[in-house]
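First the structure, in the form of structure tokens, and then the observations on it.
The values are calculated or read from the model by the stated rules, or taken from the named source; none is laboratory data. Since this is a predicted model, take the numbers as computed values, not measurements. No Cβ is skipped: glycine too gets one built from the backbone with ideal geometry, and neighbour counts run over all protein chains shown. In case anyone asks, the SASA skips ligands and DNA or RNA and just uses the protein heavy atoms, side chains included. Shrake-Rupley method; radii C 1.70, N 1.55, O 1.52, S 1.80 Å.
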Amino acid sequence: MSGDGSLDRLKRDGRVVVVGASLAGLRAAETLREKGFAGSLTMVGDEPYEPYDRPPLSKQVLLGRATPDHTSLPRRRALDARWRLGVAASGLDMAARRVRLADGDEVEYDRLLIATGVRARPWPKESEAELDGVFVLRTRDDAAGLERALARNPRRVLVVGAGFTGSEIASACRERGIAVTVAERAAAPLVGALGGVVGQVAAELQREHGVDLRCGIMVTGLEGDTGNRVRAAHLSDGNTVEVDVVVVCLGALRNTEWLAGSGLGAGPRGIACDAGCRAFDIRGIVTDDVYVAGDVARSPHPLFGYQFLSLEHWGNAVAQAETAAHNMMSESVDRRPHIWVPAFWSSQFGVNIKSVGVPSMGTEILIAQGALGERRFTGVYGYQGRVIGAVTFDQTKWLQFYQQLIETTAPFPPSFPTVDRRPEGQRPVDADFPDPSVPTSGPTVTLTGYSPADRRMTFTPAGH
Ligand SMILES: Cc1cc2nc3c(=O)[nH]c(=O)nc-3n(C[C@H](O)[C@H](O)[C@H](O)COP(=O)(O)OP(=O)(O)OC[C@H]3O[C@@H](n4cnc5c(N)ncnc54)[C@H](O)[C@@H]3O)c2cc1C
């Protein structure tokens, strides 16, 4: 598109389809209208609800402080869109610029935005996943079901996996006075995101709040009673825990299956796109009319060595959706890159945890302010001599400062003095992230053999 009037025509009476009617989809649609798009806008969402907010589902909703139907996302403006809710997109014909829907309908587009996000990874053994009392937590309906189960005062809840979602659920259970066991394969909670040094603080927090935390442990099986209700879980150390509720928190799967065979570069790791949110096709060539945003996207980030990052962060979904919408309605010279600095928050066990940058890329950590033992500190992550991430426990006010250090590739360790720098902050230590060469929960593919004739590919399915 190059000043030939086609952008004006697109803005005036073009057709935009957004697949995935949640946070990224909604914010993109609002931005399109703000940018003067007056054509037809179709929002396709497989959930029956208008866009709602997910972070409260593991926080206020589980504490009974908000009901799942009171989590609707606030609207920035009226949208004038055609909503196709409760129907999934089931296929994409890129040549004909058409999205197929599960009800047999088809919708044509001039620009398509894909914002289909992720879903919770289910318990791998289907018959056990179907037992009454076994939950995952991703949707409004999941939260409603889990909240009802917690309100019935279960004898004990088992949380499988101590990432952010699992830890927040355990926190909500303890706040409600419910006995909870957390089983985590790694050495501590939050290790994948924040490393072992901070993970040890998270472990102490959980235990102090009465969580029966079992690390270095895998759940090997769930057992039901004669009524098909879960009654026990078997652990890899040979122990059995009697439980009424199990919440499976084993991470997420990207919603890309509906794009199989479409020719788009979509797969289990998400949909690859350029920094301007334009999707790649399977040949690695960027498309002009298909854009991606939110949890389903994988995009290169200049601040982090142009690595393709998949971020499951609320703020990233909003910023990327806005950039995608801007670029959908711009001449190529006016397009802009999505260079949002990753940021995340969580609240659990009375502590407000926030991070910026990509702590998991860090090899070292320096406790620049406060002290681990006080549960009030700022940890700064270093990678190859520069600041790459930071985490705060109840010290949010410093985050902006460290964000600037990340943006300006400031040297690590930071040398400036701070009033609350303690002895433990004099020297960086190993951030203690799990060895990335050891496969964890995701499926892995290994290649062996050098000559093409010897080349062998071994697929190891996802563990748990
Ligand atoms: C319990 C919970 C707590 C969280 N807490 C935090 C937090 O504290 N801080 C933070 O930064 N982030 C948090 N997040 C993450 C944050 O909510 C996500 O980053 C955000 O929702 C991503 O928005 P999205 O629009 O990209 O994807 P999603 O919100 O996943 O939306 C994608 C939508 O597309 C739909 N869809 C999928 N496939 C199709 C299809 N084929 N056709 C039509 N529709 C389809 C899905 O059903 C869904 O409605 C939390 C998430 C959860 C689940």
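Quick check: from the Cα gyration tensor, does region 190-339 come out rounded (a/c under 1.5), prolate or oblate? Here region 190-339 falls in the prolate category.
Separation of region 51-93 and region 302-362, taken as the distance between their Cα centroids, equals 20 angstrom. Listed values for region 195-206 are Karplus-derived 3J(HN,Hα) couplings in whole Hz (6.51 cos²θ - 1.76 cosθ + 1.60, θ = phi - 60°), namely x, x, 5, 6, x, 5, 5, 4, 5, 4, 4, 4, and x replaces Gly and Pro.
Averaged per residue, what accessible surface does region 47-102 expose to a 1.4 Å probe, in Å²?
52
Cα-based count: Lys pairs in the chain below 27 Å, eight or more positions apart or different chains?
Numbers: LYS11/LYS35; LYS59/LYS354; LYS59/LYS397; LYS354/LYS397.
Within the chain, the lysine pair count is 4.
Size of the dipole of the chain about the Cα centre, Lys and Arg at +1 and Asp and Glu at -1 on the beta carbon, nothing else charged, in debye to 20? Can you show the working numbers first?
On the way: 52 positive and 55 negative charges, 121 e Å.
Here the chain has a charge dipole of around 580 debye.
Packing, as the average of other Cβ atoms within 10 Å across residues, places the peptides 400-406, 324-330 in the order 324-330, 400-406, highest first. Could you state the accessible area per residue of region 270-342 in Å², with a 1.4 Å probe and every protein chain left in place? About 36 Å² of surface per residue is accessible.
Here the label points at ASP288 and ARG12, each 7 Å from Cα along the C-beta direction, are separated by 2.0 nm in the simple model.
Measuring nothing but protein heavy atoms, the accessible surface of the chain at 1.4 Å probe radius is 50 percent carbon and sulfur. Of all DSSP beta bridges in the chain, what percent run antiparallel (nearest 5)? Looking only at bridges with both residues in the chain, the antiparallel portion is about 65 percent. Which GluC sites (Glu not before Pro) in region 177-211 pass both tests, a DSSP loop state and at most 10 other beta-carbon atoms within 10 Å? Passing both the DSSP loop test and the Cβ count: no residue. If the chain linking ASP69 and SER347 were pulled fully straight, counting 0.36 nm for each residue of separation and taking away their Cα-Cα distance, it would gain 97.9 nm. Annotation: amide H of LEU92 within the under-5 Å range of ARG100, sequence separation 5 or more or interchain, hydrogens built in the peptide plane. Straightening the chain between TRP83 and ARG176 buys 29.7 nm, computed as 0.36 nm per residue apart minus the Cα-Cα spacing. Computed over the chain, the per-residue total of -39500 (n - 2.57) for DSSP H runs of n ≥ 4 gives a 222 nm mean residue ellipticity of -6000 deg cm²/dmol, rounded to 500.
Sorted largest first, the principal axis extents computed over the alpha-carbon atoms of region 1-140 equal 59, 33, 23 Å. For the chain, place one equal point scatterer on every Cα, skip the solvent, and apply the Debye formula. What is log10 of I(q)/I(0) at q = 0.08, 0.10, 0.12 Å⁻¹? Here the Debye-derived log intensity ratios amount to -0.52, -0.81, -1.14.
Based on protein heavy atoms only, region 152-196 ends up with 30 Å² per residue of surface accessible to a 1.4 Å probe. Mind checking which of VAL391, SER40, THR116 is farthest towards the positive end of the chain's charge dipole, using Cβ charges of +1 (Lys, Arg) and -1 (Asp, Glu) about the Cα centre? The residue sitting most towards the positive pole is VAL391.
A straight chain from ARG155 to VAL419 at 0.36 nm per residue would run longer than the Cα-Cα distance by 90.3 nm.
Using the Cα centre of region 36-170 as the reference point, and only Cβ charges (+1 on K/R, -1 on D/E), how large is the resulting charge dipole? Debye, rounded to the nearest 20.
For region 36-170, the charge dipole is close to 560 debye.
Based on Cα contacts under 8 Å between residues 6+ apart, region 1-154 shows a relative contact order of 27 percent. For the pair region 227-245 and region 103-167, the centres of their Cα atoms are 20 angstrom apart.
Between ALA144 and ARG336, the modelled label-to-label distance comes to 3.9 nm, taking each label 7 Å out from Cα in the direction of the beta carbon. Placing a pseudo-label 7 Å from each Cα along the Cα-to-Cβ vector at LYS35 and ARG229 gives an inter-label distance of 5.3 nm.
Relative to the Cα centre, the charge distribution of region 290-383, modelled as +1 at Lys and Arg Cβ and -1 at Asp and Glu Cβ, gives a dipole magnitude of about 180 debye.
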